[in-house]
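Student: First the structure, then my questions, so here it is.
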Amino acid sequence: MPGNNSEEKYDLNISFFFFLLGFLVMISAFLIYSGFTNMQQSYTLPGAISIGLGVLGLALVGYNLLKLQGRLSTMGAAPAGPQVVTKQKCKSCGHEASRPFKEGDFIYGNGDACPKCGSGESMLIRSIFLHKPAKKRGL
Ligand SMILES: [Zn+2]
């Protein structure tokens with residue numbers, strides 16, 4: 001299946017990335033540990049450097065995990081671009097409802113069944129328009 005190729009590659013990259021992060025955590029933990037033992041044996045300067053590097057490594061791992069989490073969550077979220085919305089009104093009770101545009105919607109056509117009065121009659125599509133969500137700041 002040629003279509004699956006890129007996805008597999010991406011999965012591989014992610015697991016390799018986690019492998020690297022795990023490796024970095026191990027090295028950092030080792031650096032912090034050896035830093036403390038150095039300090040106990042009064043090698044204060046190399047001990048402090050070692051601890052500093054270890055903390056830096058852990059911070060790097062944390063930063064990368066946060067970045068990855070942010071990227072994954074934006075990938076999963078719905079696109080924030082303009083959306084076509086269908087507005088419909090019940091013929092018997094006058095209840096108005098909006099929902100994302102569906103294929104086959106047209107003005108004065110039949111919409112969904114009214115959820116309010118339960119008449120089972122489909123609502124009348126009054127308007128179809130482009131809804132632009134407020135622009136997000138940052139990023
Ligand atoms: Zn109704």
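Student: Please count how many residues of segment 97-112 are within 11 Å of the ligand (Cβ to nearest atom) and loosely packed, with under 14 Cβ neighbours inside 10 Å.
Tutor: The total comes to 0.
Yes or no, residue by residue, for (1) at pLDDT 85 or above; (2) within 36 Å of the chain's Cα centre (by Cα):
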| site | (1), (2) |
| --- | --- |
| L24 | yes, yes |
| S28 | yes, yes |
| P46 | yes, no |
| G52 | yes, yes |
| G57 | yes, yes |
| L60 | yes, yes |
| E96 | yes, yes |
| S119 | no, no |
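Student: Sticking with this one: Does L68 count as at pLDDT 95 or above and either farther than 30 Å from S15 by Cβ or assigned by TED's automatic domain parsing to the domain that holds G35 (or both)?
Tutor: For L68, the condition - at pLDDT 95 or above and either farther than 30 Å from S15 by Cβ or assigned by TED's automatic domain parsing to the domain that holds G35 (or both) - is not met.
Student: Just one of G52, G94, G22 is loosely packed, with under 15 Cβ neighbours inside 10 Å and either within 16 Å of the ligand (Cβ to nearest atom) or in contact (Cβ under 8 Å) with a residue 60 or more places away in the chain (or both); which is it? Break it down into steps so the answer makes sense when it comes.
Tutor: Working: G52 fails: either within 16 Å of the ligand (Cβ to nearest atom) or in contact (Cβ under 8 Å) with a residue 60 or more places away in the chain (or both); G22 fails: either within 16 Å of the ligand (Cβ to nearest atom) or in contact (Cβ under 8 Å) with a residue 60 or more places away in the chain (or both).
The unique qualifying residue is G94.
Student: So Q83 fits all but one of (1) more than 16 Å from the ligand (Cβ to nearest atom); (2) loosely packed, with under 11 Cβ neighbours inside 10 Å; (3) more than 30 Å from F16 (Cβ to Cβ); (4) modelled with pLDDT under 90; what number is the exception?
Tutor: So the condition that Q83 fails would be (2).
The values are calculated or read from the model by the stated rules, or taken from the named source; none is laboratory data. Not measured: the values here are computed from a predicted model. Glycine also receives a Cβ, built like all others from the backbone with ideal geometry; neighbour counts cover every protein chain displayed.
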